[in-house]
Amino acid sequence: MSESLRNDGRIWVPKKKEDVEAIRAGKKKGSDIPEEDRDYYLERRYPAFGNLVPRDVASRASKERCDAGYGVNKTGEAVYLDFASNMKYKYGKQVATLKGIANPTEAQLTEFGKEVVKEKYGNLFDMYKQITGEDPYEIPMMIYPAVHYTMGGLWVDYNLMTNIEGLYALGEANFSDHGANRLGASALMQGLADGYFVIPYTIGAYLSKEIGTKAIPTDKEEFAKTEQEVQDRINKFFAIKGTKSVDYFHKRLGKIMWEKCGMARSKEGLEWAISEIQKIREEFWKDVRVPGEANELNTELEKANRVADFIELGELMCKDALDRNESCGGHFREEFQTEEGEALRDDENYKYVAAWEMKEVGNWELHKEDLIYENIKIAQRSYK
């Protein structure tokens, strides 16, 4: 879902539970709900910014409304994104003014505005109609927040080199510029900055020392050890011959991460999630089934390796979220919020980057890198 698309509409749910039930049962549509019975909750909660609040704020508010029982689709996991008002009174009036029409009719305003919206978002509206069978020009869209980016990344120094000499990580793969707020525009900016303005001037310093280095032989102990570890892991996958597919474990893990380590976290939920992920890991290595052969192009084998890594990463993300007793950026702990329901930071104790070093399965060591701000003043944000 385009952020500009969300910002250009109005998000709401019905105020009355009976209207919600009628919509879920197919007896009513969003367009049937009168204006006075609609809860434009972003505009209500954040009057200064309304629907223009950041993605994490809007997403949490939408999930809160759905969790409270006001979700408008059959699963209860959707809110309305409505373009009727802006289409008519924003874009429609603009076009009418340009055309010199002083007193346009409601029908004219709708027609004029529809053409503007079609030019800006026509492809997205068409895709929505093909998927849902409903015309978003006539009936409010149904949307729900989804996972966007995994925030954070590999540790790198100022030259973008990881802790493995010669291995560089650029853009979203590293933790540096936007580790705590990895959204579309900032992630794009970091990719461009790293690729255009950093790595061309830093990797040369490393490569200049390697000009005289000859081809590195692969018969060294380190190569043999790593190759054997990979082969042992592959052999283990095919030796298990379990009853559950890789997707089965992937979906279970994803549901836990979404519900307990997603837009909002809590101590109780994170502790439960860690316990459940440990159970998934144990079951995964006992009952996963990888079809096919090892010595062929095997996407299920690739997926099994990925999910094995996801299980470790998922547990670490929960551990990190549990360790950080504050709310900041994309990390929102329910126990640490203001009376207005906004993120409550603790810069005195948590103004650092958490770099976790894996010692063994399930065991990590925390390394703290202080965040030092010389040119800006950090402050509690508010969108009231």
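The values are calculated or read from the model by the stated rules, or taken from the named source; none is laboratory data. Just so we're clear, the structure is a prediction, and the values are computed from it rather than from any experiment. Backbone-built Cβ (ideal geometry, glycine too); neighbour counts: all protein chains shown.
Would it be correct to say that residue 353 is touching a residue at least 40 places away in the same chain (Cβ under 8 Å), surrounded by 13 or more Cβ atoms within 10 Å (Cβ to Cβ) and out of contact with any Asp or Glu (no Cβ under 8 Å at 6 or more places or on another chain)? No: the conditions fail for residue 353.
Answer yes or no: is there a residue in the range 108-119 that is free of Cβ contacts under 8 Å to residues at least 24 places away in the same chain, loosely packed, with under 14 Cβ neighbours inside 10 Å and either under 20 Å from residue 11 (Cα atoms) or not acidic (Asp, Glu) (or both). Checking the range 108-119: not a single residue is free of Cβ contacts under 8 Å to residues at least 24 places away in the same chain, loosely packed, with under 14 Cβ neighbours inside 10 Å and either under 20 Å from residue 11 (Cα atoms) or not acidic (Asp, Glu) (or both).
Quick check on this structure: which one of 79, 20 is under 18 Å from residue 137 (Cα atoms), at pLDDT 95 or above and of a type outside the set (Gly, Ala, Ser)? Residue meeting the stated conditions: 79.
Checking residue 316 against (1) loosely packed, with under 12 Cβ neighbours inside 10 Å; (2) within 30 Å of residue 235 (Cβ to Cβ), only one condition comes out false. Which one? Single failed check for residue 316: (1).
Quick check on residue 306: is it exposed (fewer than 15 other Cβ atoms within 10 Å of the Cβ), under 22 Å from residue 174 (Cα atoms), within 20 Å of the chain's Cα centre (by Cα) and basic (Lys, Arg)? In short, yes. Of the helices (runs of 4 or more DSSP H) that lie entirely inside the range 16-118, those containing 1 or more residues that are outside the structural domain of residue 331 (by TED's automatic domain parsing), more than 22 Å from residue 134 (Cβ to Cβ) and β-branched (Val, Ile, Thr) span 55-65, 93-98.
You will find that of 376, 372, 311, the residue that is touching a Lys or Arg at 6+ places or on another chain (Cβ under 9 Å) and in a loop (DSSP other than H, G, I, E, B) is 372 and no other.
Looking for something over 19 Å from residue 254 (Cβ atoms), free of Cβ contacts under 8 Å to residues at least 24 places away in the same chain, in the same structural domain as residue 256 (by TED's automatic domain parsing) and of a type outside the set (Asp, Glu) - is there at least one such residue anywhere in the range 309-328? Within the range 309-328 (the criterion being over 19 Å from residue 254 (Cβ atoms), free of Cβ contacts under 8 Å to residues at least 24 places away in the same chain, in the same structural domain as residue 256 (by TED's automatic domain parsing) and of a type outside the set (Asp, Glu)), the answer is yes, since at least one residue qualifies. Applying the condition of being surrounded by fewer than 11 Cβ atoms within 10 Å (Cβ to Cβ) and not acidic (Asp, Glu) to the range 362-373 and asking which residue is farthest from residue 275 (Cα to Cα) yields 373.
When residues in the range 269-298 are screened for being of a type outside the set (Lys, Arg) and outside any helix (DSSP H, G or I), 10 of them pass.
Only a single criterion out of (1) farther than 30 Å from residue 332 by Cα; (2) of a type outside the set (Ser, Thr, Tyr); (3) buried (at least 20 other Cβ atoms within 10 Å of the Cβ); (4) in contact (Cβ under 8 Å) with a residue 24 or more places away in the chain is not satisfied by residue 11, namely (1).
Scanning the range 139-155 for residues that are at pLDDT 90 or above and part of a loop (DSSP other than H, G, I, E, B) yields 139, 140. Within the range 279-299, identify whether any single residue is under 23 Å from the mean Cα position of the chain (by Cα) and either surrounded by fewer than 18 Cβ atoms within 10 Å (Cβ to Cβ) or assigned by TED's automatic domain parsing to the domain that holds residue 152 (or both), and answer yes or no. No: zero hits.
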